[in-house]
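One structure below.
The values are calculated or read from the model by the stated rules, or taken from the named source; none is laboratory data. Keep in mind that what you see is a predicted model, and the values were worked out from it rather than measured. Note: ideal-geometry Cβ built from the backbone for every residue, glycine included; neighbour counts use all protein chains shown. For accessibility, only protein heavy atoms count, side chains too; no ligands or nucleic acids. Shrake-Rupley method; radii C 1.70, N 1.55, O 1.52, S 1.80 Å.
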Amino acid sequence: MPRPREFDDLTAVDAAMQTFWTKGYEATTTAELCESTGLGRGSLYNAFGSKHQLYEVAVARYTEIGYAQTLEILRAPGAPSERLRALMLWVIDTDLADPVRRGCMAINASVEAAGRTDPIAEATRRHFARLEQALREVIEEGQRAGEFAADRDPARLARTLQSTYYGLRVLGSVASDRAALLDVMEGALAALR
């Protein structure tokens, strides 16, 4: 009879996610994954198959957590413009408060060599598409309420706002001028009117 697992998969995935997010796929060693998860090499490979398979699970976990947080902000009570502002402020403040300045793991994963593999590319594409759709829904709500220009294509506005959102994630990983990031945010929100 096989020995039962003595660890929680989700805890191990969360620890691996933090390690990959901080160091990137290529720079993360198996030894570092063992250290962060508390698992031996054999247990790690038995549970997840390979470093890349663990990375796939970690990226999927990151996108699920990030999407849930995004929806929580975008579906909160309040005017559509205030919810979009709250989302942008959240990413600015989250990224500026991160002492390691990791930025967005989904963006990092999509531009790293490992991100060009089908499972990672598909996970990040799905994440980006879901964010675009969530932004579009809020923009359409704002258009119906007269808060945003009703004669503009909501899909185009959502894509533009999404580009700003991800641009802020990249800038927030290297910039320290909050006022400059707020200017970017205000310019993007003003373009909706």
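Details
- Candidate membrane-span-like segments in the chain, meaning DSSP H helices with Cα atoms spread over at least 24 Å of their own axis and a Kyte-Doolittle mean of -1.0 or above, are 51-74, 80-97, 118-144, 154-174, with no membrane implied.
- Summed side-chain charge close to Gly78 - residues other than Gly78 whose Cβ falls under 14 Å, Lys, Arg +1, Asp, Glu -1: -1
- Label-point separation in nm, Ser50 to Thr117, each point 7 Å along Cα→Cβ: 0.5 nm
- Probe 1.4 Å, accessible area per residue of the chain, Å²: 51 Å²
- Rounded to the nearest 20 debye, dipole of the range 37-193 from Cβ charges on Lys, Arg, Asp, Glu: 360 debye
- Contact order normalised by residue count of the range 112-193, Cα under 8 Å, 6+ apart, percent: 27 percent
- Of the solvent-accessible surface of the range 1-70, computed with a 1.4 Å probe and all protein chains present, 53% belongs to carbon and sulfur.
- As a fraction of the 1.4 Å probe accessible area of the range 71-113, surface on carbon and sulfur atoms comes out at 60 percent.
- Look at the alpha carbon pairs under 8 Å that are at least 6 residues apart: their mean separation over the length of the range 1-150 gives a relative contact order of 24 percent.
- Between Ala27 and Arg101, full extension at 0.36 nm per residue minus the direct alpha carbon distance yields a gain of 25.0 nm.
- Based on DSSP H segments of at least four residues, each scored -39500 (n - 2.57), the chain has a per-residue ellipticity at 222 nm of -24000 deg cm²/dmol.
- Along the chain, the longest continuous region that contains none of the GluC sites (Glu not before Pro) in a DSSP loop with at most 15 other C-beta atoms within 10 Å is 27-193.
- In the range 45-193, taking the dipole from charged Cβ atoms about the Cα centre, the farthest positive-side position among Leu96, Ala79, Ala106 is held by Ala106.
- Here's the picture: charge each Lys and Arg Cβ at +1 and each Asp and Glu Cβ at -1 in the range 99-193, and of Thr164, Leu192, Ala175 the one pushed furthest to the positive end of that dipole is Ala175.
- Between Asp151, Asp95, Asp177, the Gaussian network model of the chain with springs among Cα atoms under 10 angstrom shows the greatest mean-square fluctuation at Asp151.
- Pairs of C-alpha atoms in the range 73-193 farther apart than 21 Å represent 41 percent of all such pairs.
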